[in-house]
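The values are calculated or read from the model by the stated rules, or taken from the named source; none is laboratory data. Computed from a predicted structure; not experimentally measured. Methodologically, a virtual Cβ is constructed for each residue, glycine included, from the backbone with ideal geometry; neighbour enumeration extends over all protein chains shown.
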C-alpha cells in the first residue's frame, strides 16, 4: 500500500509561502487548510489565496475545508483546480451530493470527521468518496497533540475499505510526527498530514523522507 505524505502549510511561513511550497516538492500533495472562523475558531485562506497557491505549488493541492455550508462552497475549490477537496460531514447537508459534484468537476472527493463524530453512518457510503480524513486533533489549530483514541475509527474504515475492495485513501491529520505516524499506519491510514514535523527542525525534504519511511515500516 503506497504511503502519502501531505505537508500542511499551516506550519509554513505565510510571508514566504511560495518558497516554503518549493521546500516540500518531494511530498505527494500539499495540504491546504481552509478555515472560516465559524465552523472552527480560526481564519486562514479563502478561494483567492487557494487559487494563487494552486498557481505556484510544485505539487497538487489537497484542500481541507473546515468551513460551514460546504454544500454551497466546496465545488468552488474543485473549480480552482484542486486535486482533492475534503469537507467535513458535520458541515454538509448532503455529503453524497457534494462528493458527486466534486467528482463531476474533476477533483477527488473526501469527507472529514472530527474526533467525536462516529464513522459508522458513512461506512456503507464509502464508494461515493475517494478519501476519508480522520481528525486526530480537534480541527482549527496546528501543533496539537495526537489523539490515539481516534484509532478505532481508522481500523473500522480500513476493514470496510478492504471488505468492499475499494481504493479509498485513509488520511489522518493532527499531531502526526515520527512518534505517532506508525500508530496511525498500524490502524490503517495510508495518507498523512504533517505540519510542524515537516517544517520545524531540519530540512523539510529530510523530514518528509523520514516520515515516509516510518509510515512504510508500519503499513500492511
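When residue 139 is tested against (1) modelled with pLDDT under 95; (2) surrounded by fewer than 17 Cβ atoms within 10 Å (Cβ to Cβ); (3) touching a strand residue (DSSP E or B) at 6+ places or on another chain (Cβ under 9 Å), just one condition goes unmet, and that condition is (2). The single condition among (1) closer than 23 Å to residue 107 by Cβ; (2) assigned to a helix (DSSP H, G or I); (3) touching a strand residue (DSSP E or B) at 6+ places or on another chain (Cβ under 8 Å) that residue 127 does not meet is (3). Residue pairs whose Cβ atoms lie under 8 Å apart, separated by 6 or more positions or on different chains, with the first residue in segment 138-150 and touching a residue at least 60 places away in the same chain (Cβ under 8 Å) and the second surrounded by fewer than 14 Cβ atoms within 10 Å (Cβ to Cβ) and part of a loop (DSSP other than H, G, I, E, B), are 140/41. Take the residues of segment 164-179 that are touching a residue at least 40 places away in the same chain (Cβ under 8 Å), in a loop (DSSP other than H, G, I, E, B) and touching a strand residue (DSSP E or B) at 6+ places or on another chain (Cβ under 9 Å): which is farthest from residue 139 (Cα to Cα)? Per the stated criteria, the residue is 168. If you go through segment 159-171 and pick out every residue that is surrounded by fewer than 19 Cβ atoms within 10 Å (Cβ to Cβ) and either modelled with pLDDT under 95 or within 18 Å of the chain's Cα centre (by Cα) (or both), you end up with 1.
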